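**Q** Structure below; questions to follow.
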Amino acid sequence: MISADPSEQVVRIAVLGGGTVGSALVGLIRSRADELAVQAGARLELVGVAVNDLGRARPDHVPAGLLTTDAAGLAVDPSVDIVIELIGGIEPAASLITAALTAGKSVVTANKALLASPQGIGLRTLARRQGVDLLYEAAVAGAVPLVRVLRESLTGERIQRVMGIVNGTTNFILTKMAAHGADYADVLAEAQALGLAERDPTADVEGHDAAAKAAILAGIAFGYDIAAEEVSCEGITAIRAMDVAFAGRAGYVIKLLAIVERVGDGEVSVRVHPAMLPATHPLAGVRDAFNAVFIEGEAAGELMLYGQGAGGAPTASAVVGDLIDATRNVLAGTTAPAPHRQPGRVHPASGLRTPFYLSIDVEDRPGVLGEVTTVFGDHQVSIRSMEQEDLDDGARVTLLTHAAREGDVRATVDVLSALGPVNQIGGVMRVIGEERA
Ligand SMILES: NC(=O)c1ccc[n+]([C@@H]2O[C@H](COP(=O)([O-])OP(=O)(O)OC[C@H]3O[C@@H](n4cnc5c(N)ncnc54)[C@H](OP(=O)(O)O)[C@@H]3O)[C@@H](O)[C@H]2O)c1
């Protein structure tokens, strides 16, 4: 426990979850005990590591004597000062964190799913009320130091937009599709074989993981409490090799982006979708499973943070950073800055203006092109460039528009879909980041 003599200070830690991140964290805390004691101002003593199955094989650096299946008991153990939740998911994580905060303990977590849920929003309120920390640097982009940068270094900055590549699996897939001209399904199979994609990849490829991170980002960047279900979300499963090839020819790179953006007064746009980025954009060079977050501030201008967004050791590194912060705060009887939060008003995606890419397969007969372009004109969507390619059973028209209201582009697509000579509408994708060029 906490002693008056700094040389004898000990802060006691409970770790809930001993999987990929939990066991890497235990390894870091044990192997770097002396350095961490200097940084934190106290020795970090591991009280226990809660797991589900005591019989499961663990790395040697996780002592069997620390393991317990009594997570609920460990979370409220009176001798514990800080609880680290690395179980994941909503329950039992939410109940365990609630119990720990209620018992006056600071909590560190990497649980994006929980933090972006309505329960997560309640946990932040509870931590504030209890006067303890709830820290989550690892939840958005693993080792990339984002929460602290936005919350502390940029606290005086008026952030306009934060745009991130925050899902390594989808970035790996898109990078390989661009490099090899490969189809989505083939690259997904390769990612699964390499352990970079789950057997059920839905949460990654449909954008749900990135949506939870976007919701958390909206809170850190703008102080808005937004839940993942409020985030407009589109994944990468519809992207075809031909869309990626067109992007390359036209000077773009396709990325899955999580975007939080100030729109008008008191409104924020929070969305996840694939987009074509100019190849010169700093995010365009982020390859494979790496993460990066591009921040645009009113006075600071552009900043970018880049690094490993997942994996046991990188994620545990971010958790250790929070643990040191929480330890210092426990010793000082204070908490990390927790900016004021308010419910966020989410701006509907239909009102946003960006250029669009569209690929439309049509019958190859005179007058069809005119019919198609008339529909664009009828909806105030102006065409910037267009290319046509012969197919066996018709023609493919690929075009880029000038900036247009998303609602107008969607209405254009609806009318085109019902138009006789239109066989199929393939890629419909936003173009982002051209204002920098
Ligand atoms: N892995 C990453 O790269 C990464 C990156 C960023 C954030 N995160 C976040 O970090 C958290 C942990 O992820 P992970 O990859 O380490 O997960 P994981 O490998 O699945 O580990 C989960 C751990 O929780 C334990 N557990 C499950 N149910 C439990 C219960 N009822 N009581 C006690 N322990 C229980 C499991 O026990 P057993 O070992 O006995 O099964 C396991 O040790 C998640 O919130 C995740 O989103 C992970």
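**Q** Taking N as the number of residues in segment 281-342, what is its Cα Rg relative to 2.2 N^0.38 Å?
**A** On the way: Rg = 15.9 Å, N = 62, 2.2 N^0.38 = 10.6 Å.
So the Cα radius of gyration is 1.50 times the expected 2.2 N^0.38 Å.
**Q** Then there's this: Give the span of segment 228-269's Cα atoms along each principal axis, as three whole-Å numbers ordered largest to smallest.
**A** Projected onto the principal axes, the Cα atoms of segment 228-269 cover 39, 22, 10 Å.
**Q** At a 10 angstrom cut-off on C-beta neighbours, averaged per residue, how do the peptides 397-404, 186-193, 217-224 rank from highest to lowest?
**A** Working: 397-404: 18.8, 186-193: 16.5, 217-224: 23.9.
Top to bottom by mean Cβ count within 10 Å: 217-224, 397-404, 186-193.
**Q** Sticking with this one: Would you tally the net charge around L115, using a Cβ to Cβ cut-off of less than 11 Å, leaving L115 out, and scoring K and R as +1, D and E as -1?
**A** On the way: positive: K112, R124, K213; negative: E85, D225.
Residues close to L115 contribute a combined charge of +1.
**Q** Among the lysines, which fall within straight-line cross-link reach of K255, defined as a Cα-Cα distance under 28 Å, with same-chain neighbours fewer than 8 residues apart omitted?
**A** Partners within reach: K112, K176, K213.
**Q** On the Cα set of segment 309-437, report Rg and Dmax in Å, please.
**A** Rg then Dmax for segment 309-437, in Å: 24.3, 78.
**Q** Could you state the angle between the C-alpha long axis of helix 208-222 and the longest principal axis of the C-alpha atoms of the chain, as a value from 0 to 90 degrees rounded to the nearest 10?
**A** With rounding to tens, the tilt is 70 degrees.
**Q** Does anyone have the angle between helix 118-130 and the longest principal axis of the chain? Alpha-carbon axes, 0 to 90°, nearest 10?
**A** It is inclined by approximately 40 degrees.
**Q** Then there is this: Hey, what's the Kirkwood Rh for segment 191-244 if you take every pair of different alpha carbons, in angstrom?
**A** Working: mean 1/r = 0.0792 Å⁻¹.
It is 12.6 Å.
**Q** Pull up all non-local amide H partners of R384: gap of 5 or more, or a different chain, and H-to-H distance under 5 Å with H placed in the peptide plane.
**A** L400, T401, H402
**Q** Relative to the longest principal axis of the chain, what angle (0 to 90°, nearest 10) does the C-alpha long axis of helix 93-102 take?
**A** Taking Cα atoms only, the helix is inclined about 50 degrees.
**Q** Let me ask you something else. Run the helix sum for the chain: -39,500 (n - 2.57) per DSSP H stretch of 4+ residues, divided by residue count, reported at 222 nm to the nearest 500 deg cm²/dmol.
**A** Numbers: 15 runs with 151 residues, N = 437.
Mean residue ellipticity at 222 nm (helix-derived): -10000 deg cm²/dmol.
**Q** Right, something else. So what J values fall out for segment 244-260 if you push phi through Karplus, 6.51 cos²θ - 1.76 cosθ + 1.60 with θ = phi - 60°, rounded to Hz, Gly and Pro as x?
**A** Result, rounded to whole Hz: 5, 5, 4, 4, x, 5, 8, x, 10, 10, 8, 9, 8, 10, 9, 10, 10.
**Q** Quick one: in segment 380-425, what % of C-alpha pairs are over 12 Å apart? Provide the component values of the computation, followed by the final result.
**A** Numbers: 695 of 1035 pairs.
Above the 12 Å cut-off, segment 380-425 has 67 percent of its Cα pairs.
**Q** Using only the alpha-carbon atoms, what does segment 21-79 span along each of its principal axes? Please give whole angstrom values in decreasing order.
**A** Principal-axis extents of segment 21-79 (Cα, largest first): 34, 28, 18 Å.
**Q** Based only on the alpha carbon positions, what is the Kirkwood hydrodynamic radius of the chain, in angstrom? Could the numbers behind the result be given before it?
**A** Working: mean 1/r = 0.0429 Å⁻¹.
Its Kirkwood hydrodynamic radius stands at 23.3 Å.
**Q** Stokes-Einstein D for segment 199-310 at 37 °C, 0.692 mPa s, Kirkwood Rh over Cα pairs, in µm²/s? Mind dumping the intermediate values first?
**A** Details: Rh = 15.1 Å.
Taking Rh from Cα pairs, D becomes 218 µm²/s.
Quick note: the coordinates plus some simple rules give every number you see, no bench work behind them. All values reported here derive from a predicted model rather than from experimental measurement. Because the Cβ atoms are built from the backbone with ideal geometry, glycine has one as well, and the counts that use them run over all protein chains shown.
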